[in-house]
1. Of the residues that sit in segment 206-259 and are aliphatic (A, V, I, L, M) and surrounded by fewer than 17 Cβ atoms within 10 Å (Cβ to Cβ), which one is farthest from residue 70 (Cα to Cα)?
2. For segment 50-73, which positions are part of a strand (DSSP E or B) and either basic (Lys, Arg) or without any contact (Cβ under 8 Å) to a residue 60 or more places away in the chain (or both)?
3. In segment 165-185, how many residues are part of a loop (DSSP other than H, G, I, E, B) and under 14 Å from residue 138 (Cα atoms)?
4. Within the set of pairs 6+ apart or on separate chains, which have a first residue in segment 226-247 that is under 26 Å from residue 124 (Cα atoms), a second that is among the β-branched types (Val, Ile, Thr) and in a helix (DSSP H, G or I), and C-beta atoms under 7 Å apart?
5. Take the residues in segment 146-161 that are of a type outside the set (Gly, Ala, Ser) and surrounded by 13 or more Cβ atoms within 10 Å (Cβ to Cβ); name whichever of them is farthest from residue 212 (Cα to Cα).
6. Given the criterion outside the structural domain of residue 213 (by TED's automatic domain parsing), part of a strand (DSSP E or B) and either touching a helix residue (DSSP H, G or I) at 6+ places or on another chain (Cβ under 9 Å) or modelled with pLDDT under 80 (or both), identify the matching residue among 47, 112, 125, 84.
7. Could you list, in sequence order, all residues of segment 28-39 that are surrounded by 14 or more Cβ atoms within 10 Å (Cβ to Cβ) and more than 25 Å from the chain's Cα centre (by Cα)?
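The values are calculated or read from the model by the stated rules, or taken from the named source; none is laboratory data. Bear in mind that the values here come from a model prediction, so they are computed numbers and not experimental data. Glycine also receives a Cβ, built like all others from the backbone with ideal geometry; neighbour counts cover every protein chain displayed.
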Amino acid sequence: MIAGRAEPGAEVTVNAGTDVVAVTKADAYGEWVVIPDRPLGGGPKELSITAVTPGQAPVRSEQVVTVVVPGPNAPAEERAVAVLQAPEGAAAPRVLQGGVPDPGVRAGELTLDAVQYDATGNVVLNGKARQGTNVQVYVDDRPVGGTAADPTGLWQVTPTETLDVGRHDLRLEQIDATGALVAKVQLPFMRAAPEAIRALAPGEVIVQPGASLWRIARNTYGRGTLYTVIFLANAQQIRDPDLIYPGQIFALPATPATR
């Protein structure tokens, strides 16, 4: 299901890249919602909208939503990842929907859903936390920023200091109104080189929390066994196929299955 706003009565076209996936009309309040007739294929897609109001020139949305759709053999609990992107990276991306939550995670518990980069190459962290709590971020045991969860339970932090390229240890702490620590998340992540971030192009992917080469291959090519294609294309930064880190940038080469 895809929903948004436009001028009242405007005809709204939803595009995935250059393909039209749905057409609908905004109601008298400017609200619209549509369910495409066909499911989106597996892998990354960039969704945008175009609205046409009678007597006016077409208007294309400034924002786009990048989604990664689970492949046909994905587990039932795996959801599409959806990230709101501003034009030309003018603002930090915001995660609208994460993938599979960690086992046992309940609504309101602390999660890290995405590691992204803004237009200047700064790391941007997104996740969920219990409403009314604060999230403090530590990198290599140094405090680098914090924020409060918004009314929907989402949080976003851009570290206050520039992080060196390479592997770091990330720790998130959820603090309640009394100052007590109520949840903690720890994991390694990789800060990509600025030149790799600036050169990020179609056919490349930023590794997200919970990802594996198998899952990336299944979502991109439809078969997890093709993880070796990704491994070989990125061997210079993958020492062990079982050890990849959020924040790494991988090339996703074409295969016979995707041509």
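1. 235
2. If the condition is that a residue be part of a strand (DSSP E or B) and either basic (Lys, Arg) or without any contact (Cβ under 8 Å) to a residue 60 or more places away in the chain (or both), then 50, 51, 52, 59, 60, 64, 65, 66, 67 are the ones that fit.
3. 0
4. 230/216
5. Applying the filter and picking the extreme gives 147.
6. From the options 47, 112, 125, 84, the qualifying one is 84.
7. Selection gives 30 alone.
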